[in-house]
Amino acid sequence: VTIDPESGDLYLGCEPNNVFKIAAPNYKIAESLFNVTEAADFGNSGIEGISWYKDGMLLVGTQWGAYLWAYTLDGTVVWRKSMNTVALGLKEIADICYDPVKDQIWIIDSETQSIYLFNGDATEHLATYKVNFGGNCESICLDYNNNCVWIADDSDASELFKIEFAF
């Protein structure tokens, strides 16, 4: 799930390949926005991450192949990258968070239990941070107000972790 910071509209990435919009302020109806055709056969390893991105676009990522796309809201692909070729060792995209303050892309990989940091165009791997919580860390959120990164685990324990971070 991600949110348009100006309108409050919600966007959902749903496996294997669907992107939906739920309009603010009522949040009642999920309308199909577009499909990521390439991810249709990825099943439970399809779209796993989605994030609001610069210039009113969305980032969409898959577990299988660690593919990352930038889409306009009308479903036009702006670019597509296999992130495991940008960051050796990255295995999957479990979630994405775009940082508009620093123009950076944060990806959490539940396979490697790591956070991967990229420049805003996903062309340069800047850093890797091990999280080692065990479980299945599949959600990431940056929190500048509290100087931390939030990681959610969707295993049976369903835990939420706070990592203090100096941005």
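Descriptive notes on the structure:
- Under 18 Å of direct C-alpha separation, and excluding same-chain neighbours fewer than eight residues apart, Lys91 reaches these lysines: Lys81, Lys130.
- Simple spin-label estimate for Ser155 and Glu6 gives 4.2 nm between the two label positions (7 Å along the Cα-to-Cβ direction from each Cα).
- Surface composition of the chain: carbon plus sulfur atoms contribute 48% of the solvent-accessible area (1.4 Å probe, protein chains only, all chains present).
- Centre separation in Å (Cα based) which lies between the stretch 108-150 and the stretch 1-69: 19
- The chain: projected area of the alpha-carbon convex hull, averaged over directions, in nm²: 9.5
- Straight-distance candidates among the aspartates and glutamates for linking to Lys102, with alpha-carbon spacing under 20 Å and chain neighbours fewer than 8 residues away dropped: Asp4, Glu6, Asp55, Asp121, Glu124, Asp143, Glu164.
- Estimated from helices alone, the mean residue ellipticity of the chain at 222 nm is -500 deg cm²/dmol (sum of -39500 (n - 2.57) over DSSP H runs with n ≥ 4, per residue).
- With the gyration tensor restricted to C-alpha atoms of the stretch 100-167, the semi-axes of the equivalent ellipsoid amount to 21, 15, 9 Å, longest first.
The values are calculated or read from the model by the stated rules, or taken from the named source; none is laboratory data. Just so we're clear, the structure is a prediction, and the values are computed from it rather than from any experiment. As a convention, Cβ positions derive from the backbone with ideal geometry for all residues, glycine included, and neighbour counts pool all protein chains shown. Only protein heavy atoms, including side chains, enter the accessible area calculation; ligands, DNA and RNA are left aside. Shrake-Rupley method; radii C 1.70, N 1.55, O 1.52, S 1.80 Å.
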